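Peer 1: The structure's right below; bear with me while I get my questions together.
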Amino acid sequence: MKKLTSLSLFVTFFALATLSACEPSPPPTAALSAPTSLPSTLIPTPREEITVVSIDVFSGSDIPYVGPDVILQEGNSLPAFQLLTKPSAELADNRIGLAFAGPGLVVDLWHLPHVLDHLIDNGMKVIHSSMYEIEPPIDWSTDEYHVPPEFDQFVDDVNENGVDFNYVVSFWDKAGHANGETLSVPRFKAEEQIEEYLDYIRFVVGHFKGQVQYYTIWNEPDNFGGGINGIRPDVYIELIKRVVPVIREVDPQAEVAIAPNVIYYARENLFAVLESDAMPLVDVIQWHGLYDVLPNDAFYGDYYYEYPTLVEDIKQTAAANGFDGEYWSTEVTWCSESFPNCKPDDQAQGQAETDLLAAKYYIRGIVMHLGMDVGISLGGFQTSAPWSFPAIRNLGTVMAGAAPTSLTVNVEGEATNNLSYAFTLPNGDRLFAIWTNGVAVSVDPGIRTTLTFPDQSAQQVVIIDPLYGFEQELNTEMENGNLVIRNLLVKDYPILIKLSQ
């Protein structure tokens, strides 16, 4: 089975797709140019036949949708309102980012303003990328020491719009290649290669000092498929020890991340680094964890359900070896058979049938990672994706400033595979996310559930649907000092309940 690489996740912004005829029309979305200026759009009572009409950001035409998915609480006749999203600069950190890998960003300089719009309209707070190639194939004709003025402007604009930059520093010695030199592999066994990489680190960090917040030391050192990318774990550990002091010297404010490994294939590579004495030196642990991983995937087996335990093992191992920083899962991706443009079909281990289903897995993945106190960056989707793009944008606003917390909730219902996480918001509100964690389906009427929050009260309880992009006040009761929500319909994607004081 061909190994996935970040090259396959390079975002193509204007790919066309034909949607499956059985997939519902996409949800309503606000206009990209001024999402906060649109008035709330009233959605008719969920017990009625529902028609949501709003502006279609993709075609400019009205979208009708009729279906049961928007009913979130039986018997609730309270009005529901369109969820209005905000751009990055208006949001607290939501720990959600986008990854642009493969050939780097300077390959299409004319496209950088569109990349910027893509970031800020989604409400993303970090971009993971580089000027030039992050991994093979390499365009040997370009000069990796040349910084185009358009790229400088892009980095400035990213900062001005409230987005951090994680610069992935790869180096291919293109000047040496032009003189007939070849890179020995695995990389960095030779001192000359290390010194050349350190010189490039000094150049990159010096040039972007104060404008780039994070630097990642390489990408997928476990990837030996490209020949000149792979680094042995013991060599990589020593490379960390050489690189970090250089970055600290040139830009003391910058933070340093270890290279991500594809942990389904190479978790032993990651754990070798986590168990090393390099852990106190770095600020971020990251990995590539989920590429089209589905609950019923024959290739991945039980990995979907084992993944949270693996993440906890990563965190415990790193902390035990002196690490005290952030955790990121990067390039998280779900494509679909009906909208497969985010990566070639021959790279797919298994895919959801439609973008609607992919969107449900994206929502699960984002909420799950944030609930585990892990930042997440996404790869492989496009602005033209009719469901996953607006769903991710909705979560960018909903999860702004959310911090994981513990919250006691008693769940009564027929579902046996619920997954849930709780968060606090900067204003003191609490969020509770819950979903059924089996195989996602096209139309899920939900499972009737009663939630009891012991010794809790709230002035207002609102449910947020990030897939269909609306919010609605819930009917609640107080019983013996406990907040009770009855007849809630728990879906196969996270719905978020906000408790406001």
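The values are calculated or read from the model by the stated rules, or taken from the named source; none is laboratory data. Keep in mind that what you see is a predicted model, and the values were worked out from it rather than measured. Reconstructed Cβ throughout: ideal geometry from the backbone, glycine too, with neighbour counts over all protein chains shown. Protein only, heavy atoms only, side chains kept; ligands, DNA and RNA dropped before computing areas. Shrake-Rupley method; radii C 1.70, N 1.55, O 1.52, S 1.80 Å.
Peer 1: When you check residue 98 against the structure, is it assigned to a helix (DSSP H, G or I), touching a Ser or Thr at 6+ places or on another chain (Cβ under 7 Å) and among the hydrophobic types (A, V, I, L, M, F, W, C), yes or no?
Peer 2: The answer is no for residue 98.
Peer 1: I would also like to ask the following. Might you check whether a residue that is of a type outside the set (A, V, I, L, M), part of a strand (DSSP E or B) and either in contact (Cβ under 8 Å) with a residue 12 or more places away in the chain or surrounded by fewer than 20 Cβ atoms within 10 Å (Cβ to Cβ) (or both) occurs anywhere in region 125-143?
Peer 2: Yes.
Peer 1: When residues of region 416-444 are filtered for being farther than 21 Å from residue 362 by Cβ and either open to solvent by 40 Å² or more (accessible area, probe 1.4 Å) or not in a strand (DSSP E or B) (or both), how many remain?
Peer 2: 7
Peer 1: Assuming residue 245 fulfils every condition listed in (1) more than 22 Å from residue 166 (Cβ to Cβ); (2) surrounded by fewer than 16 Cβ atoms within 10 Å (Cβ to Cβ) apart from one, which condition is it?
Peer 2: It is condition (1) that residue 245 fails.
Peer 1: A further question on this structure: Scan 115, 158 and give me the residue that is at pLDDT 95 or above, in a helix (DSSP H, G or I) and touching a strand residue (DSSP E or B) at 6+ places or on another chain (Cβ under 9 Å).
Peer 2: 158
Peer 1: Which condition number does residue 478 fail, the rest of (1) surrounded by 16 or more Cβ atoms within 10 Å (Cβ to Cβ); (2) assigned to a strand (DSSP E or B) being met?
Peer 2: Looking at each condition in turn, residue 478 falls short on (1).
Peer 1: Give me the strands (runs of 3 or more DSSP E) completely within region 298-405, filtered to those with at least 1 residues that are closer than 30 Å to residue 277 by Cβ and of a type in the set (Ser, Thr, Tyr), ordered by residue number.
Peer 2: Fully inside region 298-405 and qualifying: 326-332, 375-378.
Peer 1: Let me ask something else. Filter region 446-475 down to residues that are in a strand (DSSP E or B) and hydroxyl-bearing (Ser, Thr, Tyr) and give me whichever is least open to solvent (accessible area, probe 1.4 Å).
Peer 2: Looking at residues that are in a strand (DSSP E or B) and hydroxyl-bearing (Ser, Thr, Tyr), I get 449.
Peer 1: Just checking, which of 261, 269 is in contact (Cβ under 8 Å) with a residue 12 or more places away in the chain, in contact with a helix residue (DSSP H, G or I) (Cβ under 8 Å, 6 or more places away or on another chain), polar (S, T, N, Q) and open to solvent by 10 Å² or more (accessible area, probe 1.4 Å)?
Peer 2: 269
Peer 1: Then there is this: Any idea which residue in region 173-208 is most open to solvent (accessible area, probe 1.4 Å), counting only those that are part of a loop (DSSP other than H, G, I, E, B) and either closer than 14 Å to residue 244 by Cα or in contact with a Leu (Cβ under 7 Å, 6 or more places away or on another chain) (or both)?
Peer 2: Out of the qualifying residues, it is 173.
Peer 1: Restricting to region 143-165, name every residue that is among the acidic types (Asp, Glu) and in contact with an Asp or Glu (Cβ under 9 Å, 6 or more places away or on another chain).
Peer 2: Hits for region 143-165 are 144, 164.
Residue-wise test of (1) open to solvent by 40 Å² or more (accessible area, probe 1.4 Å); (2) not aliphatic (A, V, I, L, M).
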position	(1), (2)
284	no, no
296	yes, yes
326	yes, yes
334	no, yes
338	no, yes
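Peer 1: Which ones in region 81-130 are over 30 Å from residue 142 (Cα atoms) and of a type in the set (S, T, N, Q)?
Peer 2: Listed by number, the residues that qualify are 82, 85, 88, 94, 122.
Peer 1: Here is a list of conditions, (1) within 18 Å of residue 311 (Cα to Cα); (2) at pLDDT below 95, and residue 227 meets all of them except one; can you say which number that is?
Peer 2: (1)
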